[in-house]
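Encoded as structure tokens, the structure appears first; notes follow it.
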Amino acid sequence: MAETTLAELPSGLVTLYSDQRYPRIPVVAVASGPSVYVYRCLKPYFKFSLPTLEVNALEQDLWLQVKLLSLDR
């Protein structure tokens, strides 16, 4: 077993089955930054890289307002 360093903090984790073969072996998918890392049998199996998109200015402003409100409490 070895450690894998992620570029950013993980934002999601899910287990799933990647194929229909038997015995069914689950994989673990970890979302980190613009990538989804898939691990099978505790080893790196696949990496999906997603394109970066510009953040909607209105949505960014709303999230900033929510952050400021939560800090005031």
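Consider Leu69 carefully, then state whether it is more than 28 Å from Thr5 (Cβ to Cβ) and of a type in the set (A, V, I, L, M).
Details: more than 28 Å from Thr5 (Cβ to Cβ): yes; of a type in the set (A, V, I, L, M): yes.
Against the criterion (more than 28 Å from Thr5 (Cβ to Cβ) and of a type in the set (A, V, I, L, M)), Leu69 qualifies.
Among what's in segment 22-54 and is farther than 13 Å from Ser11 by Cα and of a type in the set (Val, Ile, Thr), pick the residue that is farthest from the chain's Cα centre (by Cα).
Step one: filter segment 22-54 for residues farther than 13 Å from Ser11 by Cα, giving 22-28, 38-54.
This time we only want the ones that are of a type in the set (Val, Ile, Thr), so: 25, 27-28, 38, 52.
Values: Ile25: 20, Val27: 14, Val28: 11, Val38: 10, Thr52: 14 Å.
Among residues in segment 22-54 that are farther than 13 Å from Ser11 by Cα and of a type in the set (Val, Ile, Thr), the one farthest from the chain's Cα centre (by Cα) is Ile25.
May I ask you to list the residues in segment 19-52 that are within 30 Å of Glu3 (Cβ to Cβ), out of contact with any Cys (no Cβ under 8 Å at 6 or more places or on another chain) and not in a strand (DSSP E or B)?
From segment 19-52, those within 30 Å of Glu3 (Cβ to Cβ) are 19, 21, 23-52; that's our starting set.
Still in the list and also out of contact with any Cys (no Cβ under 8 Å at 6 or more places or on another chain): 19, 21, 23-24, 26-52.
Once the filter is applied, which keeps residues that are within 30 Å of Glu3 (Cβ to Cβ), out of contact with any Cys (no Cβ under 8 Å at 6 or more places or on another chain) and not in a strand (DSSP E or B), segment 19-52 yields Asp19, Arg21, Pro23, Arg24, Gly33, Pro34, Cys41, Leu42, Leu50, Pro51, Thr52.
Quick one: which of Leu71, Leu16 is at pLDDT 90 or above and loosely packed, with under 11 Cβ neighbours inside 10 Å? Let's see the steps before the verdict.
Values: Leu71 fails: at pLDDT 90 or above.
Result: Leu16 is the single residue among Leu71, Leu16 that is at pLDDT 90 or above and loosely packed, with under 11 Cβ neighbours inside 10 Å.
Is it fair to say Ala7 is in contact with a Gly (Cβ under 6 Å, 6 or more places away or on another chain) and exposed (fewer than 10 other Cβ atoms within 10 Å of the Cβ)? Full working, then the answer.
Numbers: in contact with a Gly (Cβ under 6 Å, 6 or more places away or on another chain): yes; exposed (fewer than 10 other Cβ atoms within 10 Å of the Cβ): yes.
Considered against the rule, which asks whether it is in contact with a Gly (Cβ under 6 Å, 6 or more places away or on another chain) and exposed (fewer than 10 other Cβ atoms within 10 Å of the Cβ), Ala7 comes out as yes.
The values are calculated or read from the model by the stated rules, or taken from the named source; none is laboratory data. Source: prediction; values computed, not measured. Backbone-built Cβ (ideal geometry, glycine too); neighbour counts: all protein chains shown.
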